Amino acid sequence: MFQYVKRKMAAHQASKQNKKVSVDPIETQNHLTGNLTDDMVTLREKCGNSTDFMSNYLNVSGHMICMVAEEGMVDSAIFPNFISTPLRELSEDEVKTPDDVYQFIERKIVAVRNLKDVYTCEEIFTYIMSGFVVILIEGLTKGIAIGVQGFKYRSISAPETEVNVRGSREGFVEALRINISMVRRRMKSPDLRFEMMSIGKRSHTDVCIAYIEGVVSPVLLREVRHKLKQIELDEVLESGYLQPFLEDNPHAFFSNVGTTERPDTLVAKISEGRVAVLVDGTPFALITPYLFAENFQNFDDYCHKSYYATFVRFVKYASFFLAIFLPGVYVALSTFHPEIFAYELIFNIAATETKIPLPLMVEALMIHFIYEIMREAGLRMPAPMGHAVSIVGALVIGDTAVSAGLVSPPMVLVSALTAIASYVVPTLYSPISVFRLIFIVLGGTMGLYGIALGIFFLLIEICALNSFGVPYLAPISPFSLKAMRDVLVRASWRKLGKNALNIAKLNGANIREGEETR
Amino acid sequence: MHTQKISGRQFIILLYICRIFTIMIYNPTHGVRYVDGWSIWEHVLSFAIGFLLLIPAFLIYKMEPEKNVLDLAASVLGKGHIVVTILYGAFLALVSIVTIVDFNYFMTNAIYPEVSSWLIVISVFLLCFYAAINGLEAIARGGFLLLIVLIVLFIALSVNAATEVEWVSLKRIIDNRPSSVFKNVFLNLSENVHLLGFLLFLPMISGNPQKHAVWYLGLTEATLALSCFLVISVFGEYAKDLSFPFYEVSGVGRLFSMKSLGAIQMMIWVFVSMFRVAFYLYATAYTTKGLFPKHAQEISLVVLGVLILGASLYMAVQVEIMEPVFSWIMDRGLLFIFVFVIPLILLIMAQIKKGGTKHAAKN
């Protein structure tokens, strides 16, 4: 320690006098020096003597070793029983040099086989913060990291955002290694590959790319790798941080990178030539390329009979159109084109609307905005207060507002139907909720002409999107008859199983490398 | 500006949608179709002559599949190709302007008489401009979806109007004169500006050009025939007194509990118009991008867009003055010059040049 301080002072003096001094290699490269004391000083300095940084010195037959780890990250049963104890019991005959100690750890400790060599302080921190124990040996310029992770993580439970009647009840958890094992269990093929990388300058978050060799397009894989490597964020705490970097147009209303919490869904997607990205710390995996039609596909579809699955698909498509267009079309028709309704219906609507002081467009905007407030409140509030929100919502909107003459019953019906319909396709909720309001304004100001303008914009918005060179609207447009067997309808498994779909081979797909990747 | 290849099917659908715009805005005051009688033969003749008009386009494609008529002009005329580019660009810009003005005329006369023309023109233009920026591929993909809606519309209109059909109105088919048939053929082909698509975009289209032409001409003529049949069989002699006869067809009959399909038809025609405007905006920018310096080619669409918007706004307000001018320009066979005459001259010049080069090489 004293010699280290002397060296630091000398370097400081030299820099003041602008003299060239050979700077300690630790300052530039942080490589291990082999001097256990110096290395430990460096490590403690770097982590600011953090409370959770643990170190334990041990004399192994005359050779000093130090075991470093992070508190709470290590398995408290495996480490002492299978590593500490065997090391303590070593005799002097068995280990004569520091390298012998290293060889003993590498070859004799069989309980744990996840062993990595470490050479720098950065590597040490990366491993110990991932639940490894790093053993530094006096006289050796490398250490050994032993995977004895024992940190607590949420147990595997049913995914909350993708609810199914049939199918597995397992959803991804926050621990990346557990998620990888869940995927591996479902596809016992050596072609299923996982590639690890670290993203986040400070967080060094583990990110894993999953794909099937021989099925995935090599160009697509290179593009995904390249885009992930270009990310320069300080922290990556959720897969949503990476999502905009994988999208072709991050400002588009629709995302062409999908997410899933289900390992079975992920396996099904990568079997079609897609690439999945798993991020440590979040149960939401990313899937790319992602197409518009996939928003209407659900794992349950493949577990039911094809006629029922087809019926459910139609219900989903109808729900999407209802959720996005119904309020705007209702406002447009009632305000500008009442002649289209049957007489009985128009008389009923007119009778209720005459009592309402607000224009129909304002009424529609008001009720939908109130609904969004209640929805957001329902998401964020603590569970014990759930009853209060339900009562307020039911009474305020369902009864009191109608009785007070602020809202008409047909409008309440329209907004309720719209709200329910928007939850049938939860992945599209964001664009639906925004476009719904836009269509209300367009319908209320310009009638069906305004609705037509809005639909045109929406259509071009969707049609212009590509997901890694695959048209977002494929296989609907550009049309691909073979692929349509799993879009509007769900063909039987006898047909689906015959020719597996590959996303790179859809009509119009043109997966190619970007300028930067070439 | 995106220049990705599109499939032949998408190309045909796009041209088809552009073509049937004519049905919506057809007004008997500047056409003869419903006045002097209609014959199925005019569609058969239009199909045949239209195919013959495309022969220069097929020959250009056969000569060099990666080149269009402008590239041919560049290789034959050298710097003189700028004149050809300007001519084609101006014609395409005129089509865009005429489309916007006709659409505005339809909307402000049939649907929203109280709405300002400026609102209609600006709103349509802005969205079509956005579509043109996104490229031909985006417009073509959307066109396929619109085609499905159009098919449903035509079926619904046919079913809706079926109860109102008077077969006796069709006796004029037997009575009409050959001269009116040829007149209608000439008018039909003059309106078919979309044949220019074969001259400009074939290098971007995959598949056999002749097949594409057959499909395009067949589908459009069949649709025109159906629309004429519906109008004449439902309205008879009264058709010539209607401002927008095909739009009026949607007002007859009753489909389920809906009393009138007019509002829905209007909405669909809005889509058709916007696709056509977007396509021609893109075509104008694509054609004239070579006139701009390389570093400024991306803004060619913006510059042309501003000019087209300005011209459209002026002409929409002055439509009573401009309408005869448009009719004179568009209905006098100007298209034949662009589709047939100019490409044929360029082909002959290319052959002469090629022959001269071979002769020089031999010597």
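The values are calculated or read from the model by the stated rules, or taken from the named source; none is laboratory data. Fair warning: this is a prediction, and the values are worked out from it, not measured in the lab. Every residue, glycine as well, gets a Cβ built from its backbone with ideal geometry; the counts of neighbours run over all protein chains shown. When the accessible area is computed, the model is the full protein with side chains, heavy atoms only, and any ligands, DNA or RNA have been set aside. Shrake-Rupley method; radii C 1.70, N 1.55, O 1.52, S 1.80 Å.
Figures for the structure shown
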{"item": "Subset tally (residues that are in a helix (DSSP H, G or I) and free of Cβ contacts under 8 Å to residues at least 40 places away in the same chain) for segment A:403-419", "result": "3"}
{"item": "Subset of segment A:343-368 (residues that are of a type outside the set (A, V, I, L, M, F, W, C) and surrounded by 19 or more Cβ atoms within 10 Å (Cβ to Cβ))", "result": "A:GLU363, A:HIS368"}
{"item": "Tally of residues being part of a strand (DSSP E or B) and within 32 Å of the chain's Cα centre (by Cα) across segment A:55-88", "result": "4"}
{"item": "Tally, over segment A:320-350, of residues that are away from every other protein chain (no Cβ under 11 Å) and farther than 21 Å from B:MET267 by Cα", "result": "4"}
{"item": "Answer from B:ILE55, B:ILE97, B:ILE111 - the residue that is in contact with a Phe, Trp or Tyr (Cβ under 9 Å, 6 or more places away or on another chain), open to solvent by 50 Å² or more (accessible area, probe 1.4 Å) and of a type in the set (Val, Ile, Thr)", "result": "B:ILE55"}
{"item": "Cβ pairs under 7 Å, 6+ apart, first in segment A:237-261 and within 22 Å of A:GLY281 (Cβ to Cβ) and aromatic (Phe, Trp, Tyr), second at pLDDT 90 or above and outside any loop (DSSP other than H, G, I, E, B)", "result": "A:PHE245/A:LYS227"}
{"item": "Selection from segment B:131-164 of residues that are farther than 14 Å from B:ALA283 by Cα, at the interface with another protein chain (Cβ under 8 Å from one of its Cβ atoms) and open to solvent by 20 Å² or more (accessible area, probe 1.4 Å)", "result": "B:PHE144, B:LEU145"}
{"item": "Sole exception among (1) open to solvent by 20 Å² or more (accessible area, probe 1.4 Å); (2) out of contact with any Pro (no Cβ under 7 Å at 6 or more places or on another chain) for A:ASN507, by number", "result": "(2)"}
{"item": "Test: residue in segment A:308-317 that is touching a residue at least 40 places away in the same chain (Cβ under 8 Å), in a strand (DSSP E or B) and under 17 Å from A:GLU162 (Cα atoms)", "result": "no"}
{"item": "Answer residue from segment A:187-227, given it is in a loop (DSSP other than H, G, I, E, B) and under 26 Å from A:PRO471 (Cα atoms) and is farthest from the chain's Cα centre (by Cα) among those", "result": "A:GLY214"}
{"item": "Residue pairs meeting the criteria (Cβ under 6 Å; at least 6 apart or on separate chains; first among the aliphatic types (A, V, I, L, M), in segment B:110-134; second in a loop (DSSP other than H, G, I, E, B))", "result": "B:ALA110/B:PHE244"}
{"item": "Sole residue being modelled with pLDDT of 90 or more, open to solvent by 50 Å² or more (accessible area, probe 1.4 Å) and away from chain B (no Cβ under 14 Å), chosen from A:THR427, A:THR418, A:THR400", "result": "A:THR427"}
{"item": "Out of A:SER91, A:SER155, sole residue that is loosely packed, with under 12 Cβ neighbours inside 10 Å, within 30 Å of the chain's Cα centre (by Cα) and over 19 Å from A:LEU43 (Cβ atoms)", "result": "A:SER155"}
{"item": "Contacts under 7 angstrom Cβ, first residue in segment A:474-485 being within 9 Å of chain B (Cβ to nearest Cβ), partner part of a helix (DSSP H, G or I) and open to solvent by 10 Å² or more (accessible area, probe 1.4 Å), 6 or more apart", "result": "A:SER477/B:PHE144; A:SER477/B:LEU145; A:PRO478/B:GLN10; A:PHE479/B:PHE144"}
{"item": "Residue ID - farthest from the chain's Cα centre (by Cα), chosen from residues in segment B:58-70 that are open to solvent by 30 Å² or more (accessible area, probe 1.4 Å) and in contact (Cβ under 8 Å) with a residue 24 or more places away in the chain", "result": "B:MET63"}
{"item": "Criterion violated by A:SER477 - all others in (1) assigned to a loop (DSSP other than H, G, I, E, B); (2) within 20 Å of A:ALA268 (Cα to Cα) satisfied", "result": "(2)"}
{"item": "Test for A:LEU437: is it surrounded by 20 or more Cβ atoms within 10 Å (Cβ to Cβ) and either assigned to a helix (DSSP H, G or I) or touching a Ser or Thr at 6+ places or on another chain (Cβ under 9 Å) (or both)", "result": "no"}
{"item": "Given (1) in contact (Cβ under 8 Å) with a residue 40 or more places away in the chain; (2) of a type in the set (Ser, Thr, Tyr); (3) crowded, with 16+ Cβ neighbours inside 10 Å, number of the condition A:TYR127 does not satisfy", "result": "(1)"}
{"item": "Test result for B:THR85, at negative phi, at pLDDT 90 or above and among the hydroxyl-bearing types (Ser, Thr, Tyr)", "result": "yes"}
{"item": "Exclusive hit being surrounded by fewer than 22 Cβ atoms within 10 Å (Cβ to Cβ) and within 14 Å of chain B (Cβ to nearest Cβ), set A:LEU448, A:LEU488, A:LEU459", "result": "A:LEU488"}
{"item": "Answer residue from segment A:462-471, given it is in a loop (DSSP other than H, G, I, E, B) and at the interface with another protein chain (Cβ under 9 Å from one of its Cβ atoms) and is least open to solvent (accessible area, probe 1.4 Å) among those", "result": "A:LEU465"}
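This table checks each residue for (1) at the interface with chain A (Cβ under 10 Å from one of its Cβ atoms); (2) at pLDDT below 85; (3) surrounded by fewer than 18 Cβ atoms within 10 Å (Cβ to Cβ).
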| site | (1), (2), (3) |
| --- | --- |
| B:PRO245 | no, yes, no |
| B:VAL249 | no, yes, no |
| B:ALA263 | yes, yes, no |
| B:ALA285 | no, no, no |
| B:THR288 | no, no, no |
| B:LEU291 | no, yes, yes |
| B:VAL306 | no, no, yes |
